[in-house]
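What follows is a single structure, written as structure tokens, with notes after it.
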């Protein structure tokens, strides 16, 4: 199941029209339709917004990772939000940089897996995110 199918599934489970769902998450009906058809991918912060409003995880919405006990892995929500914000800042600062939602999701999970190693100092997470983002984006310039 792809991200657009998961967004459609969540909206359907809530019994909402695209218009009502758009109002819930602060987007237009057309944007929701574009997401669901895969015409336009949501930004990573859109996944976080939908997750917050629907009680689903952004990781599951974006790339299908389980966040329940017994799932494939558990992503640290606070760390993911910091990583997503760092990615969005970098992309916004480089007008020519284009990253698909899938690439952004893979990038976020990859950085999460590197910076959230057991025993790492939480006080240095922002520095570690930036360092690994620099490394991972080097090839995209």
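The values are calculated or read from the model by the stated rules, or taken from the named source; none is laboratory data. The model shown is predicted, which means the values in this text are computed figures rather than measured ones. Backbone-built Cβ (ideal geometry, glycine too); neighbour counts: all protein chains shown.
Inspect the stretch 22-36 for any residue being touching a residue at least 60 places away in the same chain (Cβ under 8 Å) and either surrounded by 13 or more Cβ atoms within 10 Å (Cβ to Cβ) or closer than 26 Å to residue 98 by Cβ (or both) and give the result as yes or no. No, because not a single residue in the stretch 22-36 is touching a residue at least 60 places away in the same chain (Cβ under 8 Å) and either surrounded by 13 or more Cβ atoms within 10 Å (Cβ to Cβ) or closer than 26 Å to residue 98 by Cβ (or both). Whether any residue in the stretch 92-101 is surrounded by 13 or more Cβ atoms within 10 Å (Cβ to Cβ), closer than 15 Å to residue 58 by Cα and at pLDDT 75 or above is what I want to check. Within the stretch 92-101, one or more residues are surrounded by 13 or more Cβ atoms within 10 Å (Cβ to Cβ), closer than 15 Å to residue 58 by Cα and at pLDDT 75 or above. Among the conditions (1) modelled with pLDDT under 75; (2) surrounded by 20 or more Cβ atoms within 10 Å (Cβ to Cβ), residue 111 misses just one, which is (1). Please tell me if residue 19 is at pLDDT below 90, part of a helix (DSSP H, G or I) and out of contact with any strand residue (DSSP E or B) (no Cβ under 9 Å at 6 or more places or on another chain). Taking the combined requirement at face value, the residue does not satisfy it. Would the stretch 37-44 turn up any residue that is in a helix (DSSP H, G or I) and at pLDDT below 80? Yes, the stretch 37-44 has at least one match. Would the stretch 56-70 turn up any residue that is within 17 Å of the chain's Cα centre (by Cα), part of a helix (DSSP H, G or I), modelled with pLDDT under 90 and loosely packed, with under 14 Cβ neighbours inside 10 Å? No: zero hits.
Report, by residue number, each residue of the stretch 1-18 that is under 15 Å from residue 53 (Cα atoms) and surrounded by 13 or more Cβ atoms within 10 Å (Cβ to Cβ). Answer for the stretch 1-18, where residues must be under 15 Å from residue 53 (Cα atoms) and surrounded by 13 or more Cβ atoms within 10 Å (Cβ to Cβ): 6, 7, 8, 9, 10, 11, 14, 16, 18.
Within the stretch 7-26, the set of residues being within 16 Å of the chain's Cα centre (by Cα) and closer than 17 Å to residue 84 by Cβ comprises 7, 25.
Within the stretch 77-106, the set of residues being part of a helix (DSSP H, G or I), free of Cβ contacts under 8 Å to residues at least 40 places away in the same chain and more than 16 Å from residue 52 (Cβ to Cβ) comprises 89, 91, 92, 93, 103.
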